[in-house]
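**Student:** Following this message is one structure expressed as structure tokens.
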Amino acid sequence: MNISRLFEKEKIVFSFEIFPPKYETPIEIVYDTLEALGDLSPDYISVTYGAGGNSRDNRTCEVASIIKNKHKIEPLAHLTCIGSTKEDIKEILDDLKKNGVQNILALRGDKRDGEARVGDFRYASDLIEYIKSIGDFNVVAACYPEKHLDCNSIDDDVNNLKNKVDKGVGHLVSQLFFDNNSFYNFREKLTKKGINIPITAGIMPLTQKNQITKMANMCGAKIPSKYLKMIDKYENDKTALRDAGIFYATEQIIDLIANGVRGVHLYTMNNPVVARKISINMANIIK
Ligand code: FAD
């Protein structure tokens, strides 16, 4: 099923992101997470892809296949291209197709420090073009409400996004953000630029102080002062901090939906407890 077509229905598209276990770890470690997330009946579950670009070190296809074939939920397989050749990518696409995985989040990925990798792709747009040229996949792409860190200005980033979307993208999934106004301003820019495909808002609930500050630094997300105050207040009480994070994320989602956002993507960090609490909070809201 093409997950981008879900936006044609009169409902909120609610999805989760998980990461696969590392190659040396038994695959079974993710089974409980999948079971618990599957029970929440998301519209789709996305599975991240290690930036190494080496399919043998990667469990994405394996986990996506379990989601599709065991849990009967549509998977969205992430795929990065930096450092990969066309042959590498073709091999992965063949594998995904064999397992019935039709939806791909096409990404550039990031170079690791000190790594000099050459490959056939420079930007995600090159990967999108390649996927479109060889297979019948629905391609989804990433976007950055507070701009991508490598880009000098939000306007340049939106121009590059327009180029990416024009290669044939079904919908966009945003980087995490904690200030909804960033998302609304970004959405307005996209509309002005003629980008009219659905944009799913990426929400990461706070579960641990270190995790959230690390992620925010990595992707450049602004942390509003009310969020910082919340962390300061509850940082020594793990459960209170988690509950406050769940409330904050819930409030963010309610505001987004009230402002016409049609898709919410929860960065679950493989934590089904948090995903469950948010899903329960949202049960009547995301209908
Ligand atoms: P691109 O769209 O190629 O953009 C990268 C940069 O290049 C931007 O600054 C853009 O403005 C610029 N650019 C694009 N085209 C041009 C051009 N023609 N000329 C000049 N500049 C240009 N990483 C992983 O390794 N694994 C994952 O599973 C993963 N999942 C992600 C999921 C989401 C929803 C998001 C938002 C990010 C994810 N990432 C993941 C991180 C992502 O790989 C990095 O943010 C990466 O740096 C950019 O990827 P992209 O696909 O957005 O790149």
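**Student:** What does the extension gain come out to for Ser225 and Lys189, with contour length at 0.36 nm per residue minus their alpha carbon separation? Write out the running numbers ahead of the final one.
**Tutor:** Values: separation 36, 0.36 × 36 = 12.96 nm, distance 2.49 nm.
10.5 nm is the gain from fully extending Ser225 to Lys189.
**Student:** Still on this model: Apply the Karplus parameterisation 6.51 cos²θ - 1.76 cosθ + 1.60, with θ equal to phi minus 60°, to every residue of the stretch 280-286 and state each ³J(HN,Hα) to the nearest whole Hz, in sequence, with x for glycine and proline.
**Tutor:** Residue by residue, the stretch 280-286 yields 5, 4, 8, 3, 8, 8, 9 Hz.
**Student:** Under 24 Å Cα to Cα from Lys97, which lysines show up? Leave out anything in the same chain fewer than 8 places away.
**Tutor:** Reachable lysines: Lys22, Lys68, Lys70, Lys72, Lys86, Lys132, Lys164, Lys167.
**Student:** Now for a separate question. With just the Cα atoms of the stretch 206-256, tell me how far they stretch along each of the three principal axes, in Å, largest first.
**Tutor:** 26, 25, 16
**Student:** Using a cut-off of 17 Å between alpha-carbon atoms, which aspartates and glutamates can reach Lys229, once sequence neighbours fewer than 8 places away in the same chain are excluded?
**Tutor:** Leaving aside aspartates and glutamates fewer than 8 places away in the same chain, those within reach of Lys229 are Asp179, Asp237, Asp243, Glu251.
**Student:** Each label point is 7 Å from the Cα along the Cα-to-Cβ direction; what then is the distance between the points at Asp110 and Thr85, in nm?
**Tutor:** Each label point is offset 7 Å from its Cα along the Cβ direction, giving 2.8 nm.
**Student:** I've got another one for you. Roughly what would the spin-label model give for Thr239 and Glu251, points 7 Å off Cα along C-beta, in nm?
**Tutor:** Result for the modelled spin labels: 2.2 nm.
**Student:** So how do His148, His78 line up by other beta-carbon neighbours within 10 Å, fewest first?
**Tutor:** By the 10 Å Cβ count, ascending, the order reads His148, His78.
**Student:** While we're on this one: With the Cα gyration tensor of the chain giving a ≥ b ≥ c as the square roots of its eigenvalues, does the rule (a/c under 1.5 for rounded; else a/b larger than b/c for prolate; else oblate) give rounded, prolate or oblate? Mind dumping the intermediate values first?
**Tutor:** Values: a/c = 1.39, a/b = 1.22, b/c = 1.14.
Judged from the Cα gyration tensor, the chain comes out rounded (a/c under 1.5).
**Student:** Right, here's the next one. Calculate the spin-label point distance for Ile134 paired with Ala36, positioning each point 7 Å from the Cα along the beta-carbon direction, and give it in nanometres.
**Tutor:** Distance between label points: 3.7 nm.
**Student:** Contact order normalised by length for the chain, with contacts defined as Cα pairs under 8 Å and 6 or more residues apart; what percent is it? Don't skip to the end; give the middle numbers.
**Tutor:** Values: 494 pairs, mean separation 57.4, N = 287.
Relative contact order of the chain: 20 percent.
**Student:** To continue, here is another question. For the peptides 87-95, 213-221, what is the packing order when you average, over each peptide's residues, the other Cβ atoms within 10 Å and list the highest mean first?
**Tutor:** Result, highest mean first: 87-95, 213-221.
**Student:** If packing is taken as the average number of other Cβ atoms within 10 Å across a peptide's residues, how do 273-280, 252-259 rank, most packed first?
**Tutor:** 273-280, 252-259
**Student:** Suppose every Lys and Arg Cβ carries +1 and every Asp and Glu Cβ carries -1, with no other charges. What dipole size does the chain come out with about its Cα centre, to the nearest 20 debye?
**Tutor:** My answer is approximately 480 debye.
**Student:** Here's another thing I want to ask about it. If you place +1 on the Cβ of every Lys and Arg and -1 on the Cβ of every Asp and Glu, how big does the dipole about the Cα centre of the stretch 127-270 come out, in debye to the nearest 20?
**Tutor:** On the way: 18 positive and 16 negative charges, 10 e Å.
Taking the Cα centre of the stretch 127-270 as origin, the dipole is about 40 debye.
No value in this document is a laboratory result; all are computed from the given coordinates. Remember, predicted model here, so these are calculated numbers, not experimental data. Don't worry about glycine lacking a Cβ; one is built from the backbone with ideal geometry, like all the others, and counts go over all protein chains shown.
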